[in-house]
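Below is one structure, written out as structure tokens; the observations come after it.
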Amino acid sequence: MEFVHQYERAINWIVAQCPAPDKFAHTYAGLTIWLLTAIVMKKKLSSNWPLAMVVLFEVGNEYIDRLAHGSWNWHDTIWDAIATLFWPFVLCFAMRLRPAIRG
């Protein structure tokens, strides 16, 4: 449980550094994980691997939130997931369509 509390403190500090609500921190985290995964794994940004890592990290983050708070807060969990996953999914699929768009 110590890991959960240390993780929550670290996340709260990161969110406090953001100039906007925590949903922006989720957006930044999702994009950062997506980009770093593609770089480290040497995969295209349109690959499923970077996207899968964003999903994996978001599920892990929300599970740690659940452990830290003792129960699920579904409204917050769903919106956190949407904020984290939205742009990586949109950009990934746009990159997959790019050759078709260019014709």
Those residues of region 37-58 which are within 15 Å of the chain's Cα centre (by Cα) and more than 18 Å from Phe93 (Cα to Cα), in sequence order: Leu56, Phe57, Glu58
State which residue pairs qualify: first residue more than 20 Å from Arg98 (Cα to Cα) and inside region 29-49, second residue modelled with pLDDT under 95 and loosely packed, with under 14 Cβ neighbours inside 10 Å in any location, beta carbons under 9 Å apart, and separation of 6 or more residues or different chains. Ala29/Ile14
Kindly check whether there is at least one residue in region 18-30 that is more than 21 Å from Glu8 (Cβ to Cβ) and among the hydrophobic types (A, V, I, L, M, F, W, C). no
Quick check: anything in region 59-78 buried (at least 16 other Cβ atoms within 10 Å of the Cβ) and among the aromatic types (Phe, Trp, Tyr)? no
Going by what's in this entry, would Val40 be described as assigned to a helix (DSSP H, G or I) and surrounded by 13 or more Cβ atoms within 10 Å (Cβ to Cβ)? no
Which numbered condition in (1) modelled with pLDDT of 90 or more; (2) part of a helix (DSSP H, G or I) is the only one that Leu97 fails? (1)
As an exercise: evaluate Phe24 against (1) closer than 15 Å to Thr84 by Cβ; (2) in contact (Cβ under 8 Å) with a residue 60 or more places away in the chain and give the number of the one condition it does not meet. (2)
When region 10-34 is checked residue by residue, the ones that are exposed (fewer than 15 other Cβ atoms within 10 Å of the Cβ) and at pLDDT 95 or above are Thr32
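The values are calculated or read from the model by the stated rules, or taken from the named source; none is laboratory data. Quick caveat, the model's predicted, so the values are computed rather than measured. Glycine gets a Cβ as well: all are built from the backbone with ideal geometry, and neighbour counts include every protein chain shown.
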